[in-house]
Amino acid sequence: MKRNKSEMFAIFTVILLVSIAFVPAVMAQAESQNKEYADVTENPNKVSISEEDIKKAMEKANETSKSMKVLKETDKEKIVSFKKEDGSIAYLISWADEKNPNRTNFAFVDQSELVYKKLISTADLNDSSAVAAVISASKVSFWNGSYLETYGSATTGGVHIHFSAKDGLWLAGGAATAAVLLGIILDGPLPFGDAIGALVAFGVATFYWAESNSDNSIDVRIPYANALQYPLTGHVSMQIGSHWYTI
């Protein structure tokens, strides 16, 4: 996985350099797209996004990242602990799908859930290795159906993130921790994914009720080409539900 990540980064770097070489044309196209996206953004629920809103979301994400701790990381699996806004401890686990090489599944687990299900004793909660082993062994039982998958090529493709109803509702609550966790999930599959994760979390929290599916799940799509514009503009155009938004 590390080798593939390096190769992908090299490809994205080349694309970024080419993009910068054609900044006038790219920016002209972006302005045209952003006008269209802005029109869409003003529709279903009349919610507007200001630069100050985005700045605050990014600052909150930076603060929350200080509570993160990696409990386990391999080529196929990663488990991270974090402190929720109410002070309780929870975990994020992401793992490679066994049947689809382009897909990574992920789930959020509350520490209290581990104890309630008698998967681990309260006395062993401070043992990171024991906690990671329990979560890894039981990950399928915690999974609500959320995943990230890549599509297309490095030049024409992108990433598609599907949030289950439970996870989508959690993001809709505007949890600051979601921004950092999505950065962890997107880091690797998407260029500048660690930073873009905060924008995705903010976008889903803002437009969830207008763009969620009939089962309360929600889908987000980000083309690689759009992600590569992030260092140039500080924004990313993404499809949330059935509409495009620049965040």
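Here are a few things to note about the model shown:
- Cross-link table LYS69/LYS99; LYS139/LYS166; LYS76/LYS139, entries beyond 21 Å C-alpha to C-alpha: LYS69/LYS99
- Difference of contour (0.36 nm per residue) and Cα-Cα distance, GLU98 to ALA133: 10.7 nm
- Placing dummy labels 7 Å off each Cα toward the beta-carbon, the span from SER214 to LEU125 is 4.1 nm.
- Stretchable slack from VAL140 to LEU169, in nm (0.36 nm times residue separation minus alpha-carbon distance): 8.5 nm
- Equivalent ellipsoid, the range 186-247 (semi-axes from 5 times Cα gyration tensor eigenvalues, Å): 21, 11, 10
- Measuring nothing but alpha carbons in the range 41-246 and taking Rh as the Kirkwood radius, the Rg to Rh ratio lands at 0.96.
- Positive-end ranking of SER136, ASN100, SER88 along the dipole of the range 82-151, with charges on Cβ about the Cα centre, is headed by ASN100.
- Residues whose placed amide H lies under 5 Å from that of SER146, excluding near-sequence neighbours: PHE106, SER164
- For ASP127, nonlocal amide neighbours, meaning residues 5 or more places apart or on other chains whose placed amide H falls under 5 Å from its own, do not occur.
- Spin-label model distance (nm) - GLU113 vs HIS243, 7 Å beyond Cα toward Cβ: 3.1
Taken together, the values in this text are just the output of simple stated rules run on the coordinates, not laboratory data. Just so it is clear, the structure is predicted and the values come from calculations on it, not from any experiment. Because the Cβ atoms are built from the backbone with ideal geometry, glycine has one as well, and the counts that use them run over all protein chains shown.
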